Every structure is written in C-alpha cells, then in structure tokens.
Amino acid sequence: MKYCSHCGHTVRLIIPEGDDRPRHVCHSCSTIHYQNPRIVAGTLPISGSRVLLCRRAIPPRQGYWTLPAGFMENGETTTQAAARETREEACAETRLHGLYTLVNLPHINQVFMIFRADLEGSFAPGPESLEVALFEEDEIPWSQLAFPTIERTLRHFFEDRESGEFPLHLSDITPDRERHSGAG
C-alpha cells in the first residue's frame, strides 16, 4: 500500500501506538489501514455416498479438482457465501448442515470454512468450472486436488462417515508444518 484510501496521501508502515504489529498509517490524516485475512467459504456437497467436485476453469490451479468454494463477499454471512459459491461453480442448490472444517492459512492470510451439505437436484459446470462430477471415495482424483484444504476436508469426511459422526475439524496449514487442533 502506497497511498491512503481516505485522503490520498502517502502511507508509511509503522507500529501505531498501542498496537503490536506494523500497519499502513497515513502520514497526513493518521488513518490506520488494517489488513485482515480473507474468508473462503464453500460446501462439501453430498449425494448418497458420493461427493460433488468441480474441475477449476480459472487460476490458481486451473484444471484441478476442488469443492465449490470462494471468497466471501461483503454483506453476506458465511452460509450465504457457501451456498452462493456452490450455485456459481456447480449450478447446484444444497441444504447446509453445520460448519465442518475450518482451516487457517496464516501464511496467505486466508481462512477456509467448509460446510457439509446435501446436494438437492441437478448440477452443471458454472463459469468457473470446466466440469462437475459426483465421486465415490475410491474415485476421488487425490493427486489432482487443487488445494490441501480440500484434501483435508475430504479425508475427514470419509473417515467420519464410517462412524456417522461429523464433528467440526479445526486445523492450521503453514508452509513449514501442518497442525491439527480442536476436534480434528
């Protein structure tokens, strides 16, 4: 960040009084510009014993498989964002259950929130998907999954499905190590 979005003057990276980390602060109007993580919300759509995956038509990881998910928009809840992303990427409606996985990625300033959901009706590729398909566990293209968060969610699901219990799984992914906390 070089310029203040409030007044247009230059900003500097300093630790404001009473804070504990560097922030962009306007030299002229003293506005502190906070930068916060972005939330990625999505669903794990289930139809019988199969899960719905989308093959990405856009970067990053174009051509790889993922769950329908994307960045939350201002003015919507996490469940609204998850349902919207599923409609956009898979032209599908779902009935959401609870939050299933929450994965922190502090090195890229993201938080993934995936909701378990029942697929209701038909599906088709949206503008961000090359194709969408239902997969049994043994058909999942594990080596062609787009993101570690997706693989982690799917592995939790197939393990939990055996017991019929679907607790919330909390974990962190960092470039140097992976850490699980909470229920997962």
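The values are calculated or read from the model by the stated rules, or taken from the named source; none is laboratory data. The shown structure was predicted, so the numbers you read here are calculated from the model rather than taken from an experiment. All Cβ positions, even for glycine, are placed from backbone atoms using ideal geometry, and neighbour counts span all protein chains on display.
Can you tell me which residue in region 132-166 is surrounded by the fewest Cβ atoms within 10 Å (Cβ to Cβ), limited to those that are within 18 Å of the chain's Cα centre (by Cα) and in a loop (DSSP other than H, G, I, E, B)?
Among those residues, the one meeting the criterion is ALA146.
Looking at PRO59, is it in contact with a Cys (Cβ under 7 Å, 6 or more places away or on another chain), under 30 Å from GLY126 (Cβ atoms) and not acidic (Asp, Glu)? Walk me through it before giving the result.
Working: in contact with a Cys (Cβ under 7 Å, 6 or more places away or on another chain): no; under 30 Å from GLY126 (Cβ atoms): yes; not acidic (Asp, Glu): yes.
Spelling it out, it is not the case that PRO59 is in contact with a Cys (Cβ under 7 Å, 6 or more places away or on another chain), under 30 Å from GLY126 (Cβ atoms) and not acidic (Asp, Glu).
Do the conditions hold for ASP172, that is, is it over 26 Å from ALA57 (Cα atoms), modelled with pLDDT of 95 or more and of a type outside the set (Val, Ile, Thr)? Even if it seems obvious, please write down each step before you answer.
Details: over 26 Å from ALA57 (Cα atoms): yes; modelled with pLDDT of 95 or more: yes; of a type outside the set (Val, Ile, Thr): yes.
Spelling it out, ASP172 is indeed over 26 Å from ALA57 (Cα atoms), modelled with pLDDT of 95 or more and of a type outside the set (Val, Ile, Thr).
Taking the options ILE114, ILE173, name whichever one is assigned by TED's automatic domain parsing to the domain that holds GLN80, touching a Gly at 6+ places or on another chain (Cβ under 9 Å) and either in contact (Cβ under 8 Å) with a residue 24 or more places away in the chain or of a type in the set (Phe, Trp, Tyr) (or both). Reasoning before the result, please.
On the way: ILE173 fails: touching a Gly at 6+ places or on another chain (Cβ under 9 Å).
Of ILE114, ILE173, the one residue that is assigned by TED's automatic domain parsing to the domain that holds GLN80, touching a Gly at 6+ places or on another chain (Cβ under 9 Å) and either in contact (Cβ under 8 Å) with a residue 24 or more places away in the chain or of a type in the set (Phe, Trp, Tyr) (or both) is ILE114.
Do we have any residue at all in region 26-36 that's closer than 25 Å to HIS107 by Cα and either crowded, with 17+ Cβ neighbours inside 10 Å or over 28 Å from the mean Cα position of the chain (by Cα) (or both)? Can you show your working first?
First, pick out the residues of region 26-36 that are closer than 25 Å to HIS107 by Cα: 32-36.
Next, only the ones that are either crowded, with 17+ Cβ neighbours inside 10 Å or over 28 Å from the mean Cα position of the chain (by Cα) (or both) stay: none.
Checked against the condition, which is being closer than 25 Å to HIS107 by Cα and either crowded, with 17+ Cβ neighbours inside 10 Å or over 28 Å from the mean Cα position of the chain (by Cα) (or both), region 26-36 yields no hits at all.
If you go through region 105-126, how many residues are within 18 Å of the chain's Cα centre (by Cα) and not in a strand (DSSP E or B)?
Total meeting the criteria: 5.
Regarding region 19-36, can at least one residue be identified that is modelled with pLDDT of 95 or more, assigned to a loop (DSSP other than H, G, I, E, B), over 30 Å from VAL132 (Cβ atoms) and β-branched (Val, Ile, Thr)?
The answer is yes; a qualifying residue exists.
With the structure loaded, tell me whether GLY63 is part of a strand (DSSP E or B), more than 23 Å from ASP160 (Cα to Cα) and at pLDDT 95 or above or whether it fails that test. Full working, then the answer.
Details: part of a strand (DSSP E or B): no; more than 23 Å from ASP160 (Cα to Cα): yes; at pLDDT 95 or above: yes.
When the stated conditions are applied, GLY63 does not pass them.
Can you confirm whether region 56-77 contains a residue that is among the basic types (Lys, Arg) and assigned by TED's automatic domain parsing to the domain that holds PHE147?
Checked region 56-77: at least one residue is among the basic types (Lys, Arg) and assigned by TED's automatic domain parsing to the domain that holds PHE147.
If THR94 passes every condition in (1) assigned to a helix (DSSP H, G or I); (2) polar (S, T, N, Q); (3) under 11 Å from PRO45 (Cβ atoms) but one, which one does it miss?
Looking at each condition in turn, THR94 falls short on (1).
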